[in-house]
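The values are calculated or read from the model by the stated rules, or taken from the named source; none is laboratory data. All values derive from a computational prediction rather than experimental measurement. Cβ placement follows ideal geometry from the backbone for every residue including glycine, while neighbour counts extend to all protein chains displayed.
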Amino acid sequence: MGDDMVDNDDRAEWAGSVLRQFSRMTGLDPKEEKKEAVGDLIANIGHYCDRNGLHFIELAAAAISLWDVEKREEENGEPNAMYPPKSVRIELAIEN
């Protein structure tokens, strides 16, 4: 399948497949604990990045920006329009 044929339904299905496998591995119920599975997987990807010399927050910000571009392309019926990415900032702060 060429990249020009991939759409957000495909991407969502790929993510769902990964989440179902992750849920099986961690004992989460993939139907009842979707939020927990997504959050835990994202946190675990952060741990993976730490152990492999990758900057997790920069990668997460870039991924959110890419998700936004792909979402806008789909909403406007323009696949692969290559919209300019929006800036994403992630800040860790202690809330009082």
inquiry  = Please go through the stretch 16-74 and give me each residue that is in a helix (DSSP H, G or I) and either touching a Ser or Thr at 6+ places or on another chain (Cβ under 6 Å) or among the polar types (S, T, N, Q) (or both), ordered by number.
reply    = Ser17, Gln21, Ser23, Thr26, Ala37, Asn44, Ser65
task = Look at the stretch 76-90 and say how many of its residues are modelled with pLDDT under 90 and surrounded by fewer than 12 Cβ atoms within 10 Å (Cβ to Cβ).
result = 7
inquiry  = So, in the stretch 1-51, exactly how many residues are without any contact (Cβ under 8 Å) to a residue 12 or more places away in the chain, more than 30 Å from Ala81 (Cα to Cα) and charged (D, E, K, R)?
reply    = 10
query = What is the one condition in (1) surrounded by 10 or more Cβ atoms within 10 Å (Cβ to Cβ); (2) free of Cβ contacts under 8 Å to residues at least 40 places away in the same chain; (3) not hydroxyl-bearing (Ser, Thr, Tyr) that Ala93 does not satisfy?
reply = (1)
query = Restricting attention to the stretch 31-46, does a residue exist that is more than 30 Å from Met5 (Cα to Cα), surrounded by 11 or more Cβ atoms within 10 Å (Cβ to Cβ) and modelled with pLDDT under 95?
reply = yes
